[in-house]
Amino acid sequence: MFDRVLKKYNCEVFVSEVSLAEVAFDRELNAAREVSERGYSIRTLSGQRLGSASSNLFVTNEIEKTAEESIDTGRCTKQLPKSFSFTDKMGCSLVSGTYDKSIDKALCAQATEIAINALECAEKNNVLVTDGRSRAVSFKYRVMNSLGIEKEEKGTYLTVMIDAKPITDKPIAEVPLVFRDRIYDKKKYSLWLNEKMGLVSRFVMPRKIPTGKYDLLLSPDVFGPLLLDTVGTWPSGLMRLEGTGQFKKTGDVVAPNGFSAAMDGTYPGGLSTYSVDFEGNKTTKGKIIENGVFKKYYYDQKYASYFNESSTGNAMRSSSLGAEKIFAGTTHCCAQNLIVSGGAEKAEDLLSDMKGIFVENVGIASADSETGAFGFELRNAFLVNKGEFTPARYAVYSGTVQDLLKEAKFTKETGQVSETHESEFSSSCVCPYVFLEKQDVAGATKRGS
Amino acid sequence: MQDTLLSAMNYARGLGKVSYADARTIQSKTTSMIISTKEEGAQSSSSFGVSIRVLAGGMWGYSSTQSKALADLKAAVESAHKAALVAAAHKKEGIEIEPRKAAIGKARVFGKQSFFDMPFEERRKILSEMVDFAKQDKIIFTQASASASKTTKHFANTEGSVIETDIERTRAGITSVARSAAKQAMNYDVFAVQGGFEKILALGLEEFSKSVSDKAILFLSSKKPPKGKTTVLMSPSVGGTLIHEVFGHAAEADWIACGRSLLRKKLNQKIASDIVSIYDDGSIPGAWGSVYYDDEGTQCKKNALVENGMLKQYMHTRETAKKLGMPPTGNGRLQDFTHTIIPRMTNTCLEAGDMNFEEMVSLVKKGIFVDRYTIALEDPAGGSFELKTLGGYHIENGKFTAPLNRATLSSSSFIETLSNVVGLSKKYGRDSSGMCGKGHENWVPVGNPSPHILIKDLTVGGV
């Protein structure tokens, strides 16, 4: 279908087909949708100018029109370095990835089953689900270009997103719970459900946290997004070109000795693991920080060309509009799985000894990718006093990721978190819990009041 | 196309346990361009799809197709029907909607100078000028962007309604990053309108671009916010976002119906100070969040939600209206043809007050003025909220003093926050019109017109 444009233009064609079943629920099931969308994006290179256009209409004249629009969009942009071209890297076979046939075969039935399991577990724990979505996704994408490259990736995702709270008339914040995996492991899902619903059931009558200095233990759900926005973003070719990241050059000390992080698009079980990236390059694994020293940047084809480097297989497409719209997202240089090494501490030991706050969830876990600054509401936290846990909230904790890393101790245990919930195609971070001593927390009341 | 949709609806009527069905075609086109001090990029996209919704066995089933052929639409109807029945087997309480007469409607909004029709050379010239306007000493990076979308929808249902809407939206934005020896700071601004690019040009792009860089440079010398409970004066952009997040989401009727919102059972009760009146209106001509007819074919109108601090109404789909025994309000919206319809805001407006801005500043003995926001999150069940701001000023003894660093605003109760509103300006400013996601996705354009707001006792933290 695309032979004609591949011959006529110097171009790359990305075709995606995403099938998705989603069940919406709260106290019970509310709506089920089963949809699929096919679409394609054509990137053209003409006079070293890169253009891009996408469509979901698979008819010959529309494909031709989309290619011409792509040429048009590129016509007025700056020329890319001469070294830029679409990938010519062979040596990666068609079709691999993390794929679960049982999900693909019965999307709606799987989504319904995991929703019902969630509701049953909630009932058992005296928990009310206020908003829930269970989603089974099967996807396929193919990258072809005029240099004769043709590669295909196939995979599955299972996602459950739940907002839940203990059953009570009191105003209690919901606890957001997200389970995402590439395959359906019933045992793993069941263990996760029981643990999380148990946690929600404990979050009754939270105390207001007074302003003051506290020892803090942040969960991977809180720490991971902060790392992705900073340590995971600053080594990108894009930030190197813009000059706006906080990592200036390789060899600089950017974190304390002992802090190491890798960018890994091949990580087994990773939520952002693909065998080929969205430009058709093989994904790779590389240390970006080793014992506090910045080791290397990561690239897609475009940003690699600005620095005479090779792509590290970090071209991604994402769409906040949902996984099925992946073809319409722009290709960009992006983190896949950011793997942060754990430390020597045991979370259990820290919690049994500490007098402070354990932060399970916050309002918006994000940091500013230019400055590293963050600030969030401690939404689901516990005041901890030598092993005793009291639900607590209504306070703001802020700082910068750079300062946080200087003062942090890390646990052995790690957890994995996705950057966004909207689309399955997003970066992920595997990181430990982080312990911080004597941090300023702004509360709704003064300490002692 | 509408004849095909009506034929598909006739087909749906004949399937088992179907009490209602509707269908909508959504054809959209977007075009965008970004120019920064380092690189340039442009993109266009087009898509077409049909969303089918079937109410069968008391359960909604959704399906979609990218085809216009009746046979494919019928297959999508069957798929939606099947999805509804699979899940209906596990449902205790069936969904119902109030039947109504067939409606016919049409709405079109186009600009005089469409961004689509502007040659790429002209687009590039305008954005390059914006980047140049924003260049200043200490500014290390600037990026200007502009985009436009045209969305055409045809709607039909089993009641015989036929609606057509055709809407063009245009946006422009600029981001600047400033750096000093000790610090780096970022600022951005976005202007979003319904209609064409002439409205963007009328804004005055030189002033718009320069002011973003001026503030980024100002933030280099900003000082950390006070910690704990503080009096906060908000710009219309931050104030509109606050009303949208703390009140708007809590007044969406699906969250009322499932017991998620603290506004449940609070109709005709006081939930805000006397000076607070809020309405939602999807019919304001040319406003960013206007849709004129919602995605269930209900005509939009002005709905008073809060009058002088008293809660008067929620925002409904046909389903929630039936469930709560109230009339639909025209707030049933979906992101696109693969998504579901839920109650969503359109343009949620806070009525203006009677104060001058200077008068509001003079009332603050010790507090902060927040000018821009970055992100915000509601908590309708717990009552709190989180609003991250980018900068502003410290206020002491009624006067602006040092520039303010990033601050995070929160509160233990949004009802308490709305009750702590002590002043509203006479004038509206440019609001924070943009895209809003609800729950886990489902992005739609929304507008939040607001005056300046003065609120006491917000919890503030920051670096």
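Any read-out appearing in this document is the output of simple, stated calculations on the displayed coordinates, not a laboratory observation. Keep in mind the model is a prediction, meaning the values are calculated, not measured. Glycine also receives a Cβ, built like all others from the backbone with ideal geometry; neighbour counts cover every protein chain displayed.
Geometric descriptor of segment A:138-190, per residue, is 110 Å³ (volume of the convex hull of the Cα atoms). Look at the stretch A:112-125: the mean tally of other chain Cβ atoms within 10 Å of its residues' Cβ atoms is 1. Only alpha carbons enter this Debye calculation for the protein assembly as shown, each as an equal point scatterer, and the log10 of I(q)/I(0) it gives at q = 0.06, 0.08 Å⁻¹ is -0.38, -0.72.
A Förster radius of 60 Å combined with the Cβ-Cβ distance from residue A:168 to residue B:121 puts the calculated FRET efficiency at roughly 0.45.
For segment A:357-374, the Karplus equation 6.51 cos²θ - 1.76 cosθ + 1.60, evaluated at θ = phi - 60°, returns couplings of 10, 9, 9, 7, 9, 10, x, 10, 7, 8, 10, 6, 6, 8, 10, x, 6, 9 Hz by residue, with Gly and Pro reported as x. Its DSSP H runs of at least 4 residues, each contributing -39,500 (n - 2.57), put the calculated 222 nm mean residue ellipticity of the protein assembly as shown at -6000 deg cm²/dmol, to the nearest 500. Note on segment B:371-463: with charges restricted to the Cβ of Lys and Arg (+1) and Asp and Glu (-1), its dipole about the Cα centre is near 400 debye. Computed from the Cβ-Cβ distance with R0 of 51 Å, the FRET efficiency linking residue B:269 to residue A:85 stands at 0.20. Spin-label model, residue B:190 to residue B:223: label points 7 Å out along the Cα-to-beta-carbon direction sit 3.3 nm apart.
Across segment B:210-247, the residues whose backbone nitrogen lies under 16 Å from the label position 7 Å along the beta-carbon direction of residue B:129 are B:210-211.
Once the gyration tensor of the Cα atoms in segment B:272-418 is diagonalised, the equivalent ellipsoid follows with semi-axes of 34, 17, 16 Å, ordered largest first. For segment B:58-142, the Kirkwood estimate of hydrodynamic radius, built from reciprocal distances between every pair of different alpha carbons, is 19.2 Å. With distances taken between every two different alpha-carbon atoms, segment B:40-106 has a Kirkwood hydrodynamic radius of 14.2 Å. Once both labels are positioned 7 Å from their Cα atoms along Cα-to-Cβ, the gap between residue A:120 and residue A:185 label points is 2.1 nm. With the convex hull drawn over the C-alpha atoms of segment A:303-449, the volume per residue is 149 Å³.
Extent along the principal axes, Cα only, for segment B:360-440: 42, 26, 25 Å, with the longest axis given first.
Computed over the alpha-carbon atoms, segment A:169-225 gives an Rg to Rh ratio of 1.05, Rh here being the Kirkwood radius from the mean inverse distance.
Using alpha carbons only, what's the Rg to Rh ratio of segment B:1-116 with Rh from Kirkwood?
1.14
If the limit is 31 Å between Cα atoms, which of A:165/B:91; A:101/A:196; A:65/B:68; A:188/B:68 go over it?
Check vs 31 Å cut-off fails for A:188/B:68.
DSSP beta bridges confined to the protein assembly as shown are antiparallel in about 85 percent of cases.
Cα gyration tensor of segment B:236-337, axes a ≥ b ≥ c as square roots of the eigenvalues: rounded (a/c below 1.5), prolate (a/b > b/c) or oblate? Oblate, because a/c is 1.5 or more while a/b does not exceed b/c.
Calculate the tail of P(r) for chain B: the fraction of all Cα-Cα distances greater than 32 Å, expressed in %.
Counting pairs separated by more than 32 Å, the tail of P(r) holds 44 percent.
Taking every residue in A:35-41 and counting other chain Cβ atoms within 10 Å of its Cβ, the average works out to 5. Using R0 = 56 Å, the C-beta based FRET efficiency linking residue A:389 and residue A:147 works out to 0.40.
Mean per-residue shielding of peptide A:133-141 is 1, counting Cβ atoms of other chains within 10 Å of each Cβ. With semi-axes defined as the square roots of five times the eigenvalues of the C-alpha gyration tensor, the equivalent ellipsoid of segment B:160-222 measures 37, 13, 6 Å, largest first. Residues whose amide H lies under 5 Å from that of residue A:396, counting only those 5 or more places away or on a different chain, are A:378, A:442, A:443; hydrogens are built 1.01 Å from N in the peptide plane. Rg and Dmax, both from the Cα atoms of chain A and both in Å, are 23.3, 75. Label-to-label distance, residue A:8 versus residue B:17, with points set 7 angstrom from Cα along the beta-carbon direction: 4.9 nm. Computed over the alpha-carbon pairs of segment A:190-316, the distance histogram in 5 Å steps reads 2, 9, 13, 18, 16, 12, 8, 8, 7, 4, 1, 0 percent, short to long.
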